[in-house]
C-alpha cells in the first residue's frame with residue numbers, strides 16, 4: 001500500500017487529502033493493478049448522498065473499472081433509482097475515456113436548467129453531454145470522471161516507474177500491448193536500453209507509438225539507421241508505416257535512400273505510396 005494526495009474535484013482550492021492505494025504486482029514485482037476505496041460527495045453543498053465506491057487502474061495508470069460498495073449502490077436523482085448493470089457498464093466506458101468532453105467543463109457549467117432539453121434538476125443532461133454522462137446522474141458521472149482521471153494518474157504512474165527495472169523496460173518494449181510500449185519508451189533513455197530495443201517496437205507500433213519511438217531514438221544521440229527503417233516498410237502497421245515515411249522525409253534523404261524508398265513503393269499502402277511520391281517530388285528525384 002502507499003499514499004496518494006488528491007484534491008476533491010468539487011473543491012480544488014482546498015488542500016489535498018491523503019488516500020490509501022492498494023498495489024497488486026506481477027511475478028516480476030511490477031504493479032499491474034491499483035485499488036482505491038473512495039467515499040466522496042457529488043455536489044457542492046453536501047446535500048447529495050455520498051457515493052461509496054472502489055476504483056481500479058492498471059499498472060500504467062489507465063482507469064479500468066469501478067465497483068460500488070455492497071449495500072451502497074450508485075443512484076440517479078429521480079426517486080433515487082439504482083444504477084442498472086447497463087448503467088455501470090456505460091459508466092465504466094465513460095471513465096475510461098481520457099479525452100471525454102467532461103475534461104473541458106466544470107460542474108457548475110453543466111448544472112441543470114429547466115428547459116425542454118434537460119432531464120431533471122441536479123441530474124440534468126445537457127445536449128452537449130449526450131453519451132458522456134449517465135442520464136439522471138450527471139453530477140455523479142462528472143465527479144467520478146475527475147477522480148478517475150485527475151491527479152491520481154500521475155502518482156500511480158510514478159509508483160510504477162519506481163518499481164520498474166531495466167529488464168522490465170526491455171520486456172515492455174517487446175510487448176504487443178502498445179500501452180506498455182509507450183510507457184517503456186518514456187523510460188527508455190533513463191533506463192539505458194539499446195537502440196535495437198527501441199527499433200523493434202516499430203514492428204507493432206501505431207502512428208503515435210512510431211513517432212514516439214523515432215523521437216526517442218533521436219534523443220538517445222545514436223545514429224538512426226535510415227536504410228533499416230526503409231527495410232521495415234511494408235511489414236509494419238499502416239499507421240507506423242506513415243510515421244516512418246514522415247520521419248525519413250524530414251531528414252533530407254540522399255539519393256541512395258530515395259532510391260530505396262522508390263523501390264519499396266509496391267509494398268506500401270495507398271497513403272504510404274502518396275507520401276513517398278511527395279518526398280521524391282520535394283527532393284527532385286526521378287532516379
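The values are calculated or read from the model by the stated rules, or taken from the named source; none is laboratory data. Every value quoted in this text rests on a predicted model; they were computed, and no experiment measured them. As a convention, Cβ positions derive from the backbone with ideal geometry for all residues, glycine included, and neighbour counts pool all protein chains shown.
Determine if the range 157-176 includes at least one residue that is under 28 Å from residue 240 (Cα atoms), in contact with a helix residue (DSSP H, G or I) (Cβ under 7 Å, 6 or more places away or on another chain) and without any contact (Cβ under 8 Å) to a residue 12 or more places away in the chain. Yes, the conditions are met somewhere in the range 157-176. Restricting 240, 260 to those that are touching a residue at least 24 places away in the same chain (Cβ under 8 Å) and over 27 Å from the mean Cα position of the chain (by Cα) reduces the list to 260. Within the range 241-248, identify whether any single residue is at pLDDT below 90 and closer than 25 Å to residue 171 by Cα, and answer yes or no. Among the residues of the range 241-248, at least one is at pLDDT below 90 and closer than 25 Å to residue 171 by Cα, which makes the answer yes.
Highlighted here are the strands (runs of 3 or more DSSP E) found entirely within the range 1-48 that include at least 3 residues which are at pLDDT 95 or above, touching a strand residue (DSSP E or B) at 6+ places or on another chain (Cβ under 7 Å) and surrounded by 17 or more Cβ atoms within 10 Å (Cβ to Cβ): 31-40. For residue 132, work out the one condition from (1) surrounded by fewer than 22 Cβ atoms within 10 Å (Cβ to Cβ); (2) in contact with a helix residue (DSSP H, G or I) (Cβ under 6 Å, 6 or more places away or on another chain); (3) more than 29 Å from residue 261 (Cβ to Cβ); (4) not assigned by TED's automatic domain parsing to the domain that holds residue 38 it doesn't fulfil. Among (1) surrounded by fewer than 22 Cβ atoms within 10 Å (Cβ to Cβ); (2) in contact with a helix residue (DSSP H, G or I) (Cβ under 6 Å, 6 or more places away or on another chain); (3) more than 29 Å from residue 261 (Cβ to Cβ); (4) not assigned by TED's automatic domain parsing to the domain that holds residue 38, residue 132 violates only (4).
A search for C-beta distances below 9 Å between a residue of the range 13-42 that is on the phi < 0 side of the Ramachandran plot and assigned by TED's automatic domain parsing to the domain that holds residue 54 and any residue that is part of a strand (DSSP E or B) and at pLDDT below 95, counting only pairs 6+ apart in sequence or on different chains, returns 38/51; 39/51; 40/51; 41/51; 42/51.
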